[in-house]
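Participant: Quick one: the structure is below, questions incoming.
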Amino acid sequence: MNFGRRFLSCLLLVPFAALPLTVVAQSTVAATPPMGWNSWNYFASKVDDKGVRAAADQIVATGMKDAGYVYVNIDDTWEGQRDASGVLHTNSKFPDMKALADYVHSKGLKIGIYSGPGTKTCAGYPASLDHEQQDADLYASWGFDYLKYDLCSFIPDVMEKQAPHDKAAQMKLMIAAYDKMSKALKAATAKTGRPIVLSLCQYGWDSPWEWAPELGGNLWRTTGDIEPRWQSMYDIVSQQSGLDKYSGPGHWNDPDMLEVGNGELSLAENRTHFSWWAILAAPLLAGNDLPNMKPEIKAILTNKDVIAIDQDTLGKQGKRAYTDGEVEVWTRELQGGAMAVAVVNVGSDRTANHPFHLDLAKAGLSGSQTGKDLWTGKEVTLTDNMPIELPSHDILLVRVDHVK
Ligand code: GAL
C-alpha cells in the first residue's frame, strides 16, 4: 500500500478532527489534480513580478478562479545569486518575493516556485544542490504553496559524476535527491503549517510513478516538454497508456502543463487537448498569456463541465478504451457510477472514418446511454453502431451520469 492510499484509509477510519495537524494538511494537499497557471509555456525567461501579478489579476477577472484555478506558479529564471551564508536571492525581475506571495494570497490564490536538485536549473540559474533545507525554509518563509523540482543539471553534476555508466546507481541518486527535498519541505512546513505541493519534473524517466508517491510527490511529469502543436500533444497522450493505476488523490501523473491558447493549436485541437487532460486526471496548469486571452480560449479553460471531469473526486484516471482507424475512444469512471466518454478524430486530413461507427461494448458500455455533450451543452444519446462525424483533431466529450 502506498503513502497516499494509506492516508485515505486513515481518513475513512478516523474522524477528521481527531487527526494530528500535519496528517490533515498532507492528506488534503492535491486531493484533486492541482489547477492553476504556470509562467513557462508562454513567458519562459520573460516572466517577472509584474507579469505574475497580472496573471493573478486575470485568474480572478476571467472567472478562472471561480472555475477552480488556484496556483499561480513562477517557473525558472527568478533566481539571483547566493550570499556568503548560502541564502539564495531573487534577481532584479523579482524585487520582493514575500510581497508578491502576499499579493497572490490576497486574491484568494496560492503561489508556486521552481528549483532543481542540481547546481543549476534547466535555464542555467542557481538550483538547490547542498542547499535543500535552506531553500525549503526560504520558500516557506516567503509563503509559497507549491514547488516544481526539475532534474536538469543533477544528471551531469551528480548522477554521471558519482556513478558513471551505472544506470541503477544513478537512479538511486536521483530518488534520494527528490526524497531530500521532500523531507526539507516537510521540515519547513511543519514550522509554518502551510503545506507545499511537491511537483517532480524529471520527464518520466525511470518510472517516477513507481517511486514518487512514496517520497511524498504530489505529481510527477510522465513525459518530456510539451509544445504548442498537435503532434507534441498526441505523442504525450500516447505515452499515458497503462499509467492510470499509479494516479489517485494526492498523487497524480502529470503529462505537462497546458498549451491551450498557445502556438499553432486550432480551436478543435485546444478543445481536444483540454478534454484529454481532463480524462487523464491531469493537473490543469494553464500556460497562456492571460491578459491577452481570446474569448474562445477563455471559454475552453473555464468549461466547468470539463473541469468537473478532471476534478472528479473518485480520482480515477481514464484510459483509451479502443482505437478504430484514426478514431480513438477514451473513457473515465466518475464518482457515483457516472462516466465520461470521449471520441477523438486523431487523423490529420479527413472526417473520421467516413464516418466512424461507435462500438458500445468496446467502450465498456452495455446498451445505449444518454448524457450531456460537454462542448455543446446538448443532450446526446450514444447508441450502438451510431455514426459519429468529427472534423480532424476534434472531440466528442460526453458525460453519462446514470450509466445503464
Ligand atoms: C524544463 C521543464 C520545463 C521548464 C524548463 C525551465 O526542464 O520541463 O517545464 O520548467 O525546464 O527551464
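Participant: Could you work out the relative contact order of region 76-129, using alpha carbon pairs under 8 angstrom and six or more residues apart, expressed as a whole percent?
Facilitator: Taking the mean separation of contacting Cα pairs over the length of region 76-129, I get 32 percent.
Participant: While we're on this one: Quote the relative contact order of the chain in percent (integer), defining contacts as alpha-carbon pairs under 8 Å separated by 6+ residues.
Facilitator: 14 percent
Participant: What list of ³J(HN,Hα) couplings, whole Hz, do you get for region 246-255 from phi and the Karplus terms 6.51, -1.76, 1.60, once you set θ to phi - 60° and write x for glycine and proline?
Facilitator: Those phi angles translate into 8, 9, x, x, x, 8, 10, 5, 10, x Hz.
Participant: Sticking with this structure for a sec: Using 17 Å as the cut-off for backbone N distance, which residues of region 103-127 belong to the label zone defined by a point 7 Å from the Cα of THR28 along Cα→Cβ?
Facilitator: 108-111
Participant: Using a/c under 1.5 as the rounded threshold, could you call region 102-248 rounded, prolate or oblate? The axes a ≥ b ≥ c are square roots of the C-alpha gyration tensor eigenvalues, and prolate needs a/b larger than b/c, oblate otherwise.
Facilitator: oblate
Participant: In deg cm²/dmol and to the nearest 500, what is the mean residue ellipticity at 222 nm of the chain if only DSSP H runs of at least 4 residues count, each as -39500 (n - 2.57), divided by the residue total?
Facilitator: Rounded to the nearest 500, the figure is -9000 deg cm²/dmol.
Participant: Now for a separate question. Along the charge dipole of region 249-404, Cβ charges K/R +1 and D/E -1, which of TRP330, LEU390, ALA268 sits furthest on the positive end?
Facilitator: Of TRP330, LEU390, ALA268, it is TRP330.
Participant: Further, regarding this structure: Using the structure shown, select from LYS46/LYS107; LYS148/LYS180; LYS180/LYS319; LYS110/LYS319 the pairs with a Cα to Cα distance greater than 26 angstrom.
Facilitator: From the list (LYS46/LYS107; LYS148/LYS180; LYS180/LYS319; LYS110/LYS319), the Cα-Cα distance tops 26 Å for LYS180/LYS319; LYS110/LYS319.
Participant: Give the residue from ALA169, THR189, THR90 lying farthest towards the positive end of the charge dipole for the chain; charges sit on Cβ (+1 for Lys and Arg, -1 for Asp and Glu) and the dipole is referred to the Cα centre.
Facilitator: Working it through, the farthest residue towards the positive pole turns out to be THR189.
Participant: Continuing with the same structure: Evaluate the charge dipole of region 19-108 about its Cα centre and quote only its size in Debye, nearest 20, assuming +1 on the Cβ of each Lys and Arg and -1 on the Cβ of each Asp and Glu.
Facilitator: Rounded to the nearest 20 debye, it is 100 debye.
Participant: Filter the cross-link list LYS191/LYS245; LYS298/LYS372; LYS93/LYS120 down to pairs whose alpha-carbon distance in this structure exceeds 24 Å.
Facilitator: Table pairs above 24 Å Cα-Cα are LYS191/LYS245.
Participant: Further question on the same structure: Explain nothing, just the number: relative contact order of region 284-404, from Cα pairs under 8 Å at least 6 residues apart, as a whole percent.
Facilitator: 24 percent
Participant: Same structure, new question: Roughly what would the spin-label model give for LYS167 and GLN81, points 7 Å off Cα along C-beta, in nm?
Facilitator: 4.1 nm
Participant: Using the alpha-carbon atoms, what tilt in degrees (0 to 90, nearest 10) does helix 132-142 show relative to the longest principal axis of the chain?
Facilitator: The angle comes out at about 80 degrees.
Participant: Expressed in nm to one decimal, what extension gain is obtained for the pair TYR322 and LYS362 from 0.36 nm per residue of sequence separation less their Cα-Cα distance?
Facilitator: Full-extension gain reported as 13.7 nm.
Participant: Label region 253-347 by shape, choosing from rounded, prolate and oblate, from the square roots a ≥ b ≥ c of the eigenvalues of the Cα gyration tensor; if a/c is under 1.5 it is rounded, and otherwise prolate applies when a/b is larger than b/c, oblate when it is not.
Facilitator: oblate
Participant: For the chain, which semi-axes, largest first and in whole Å, follow from the square roots of 5 times the eigenvalues of its Cα gyration tensor?
Facilitator: Square roots of five times the eigenvalues give 36, 23, 21 Å.
Participant: Something else: Please give the peptides 28-34, 192-198, 280-286 ranked by average Cβ packing (other Cβ atoms within 10 Å per residue), highest first, as a rough proxy for protection.
Facilitator: 280-286, 28-34, 192-198
Each reported figure results from applying straightforward, stated rules to the coordinates on display, with no laboratory input. What you see is a predicted model; the values in this text were computed from it and never measured. Note that each Cβ is placed from the backbone with ideal geometry, even for glycine, and that neighbours are counted across all protein chains shown.
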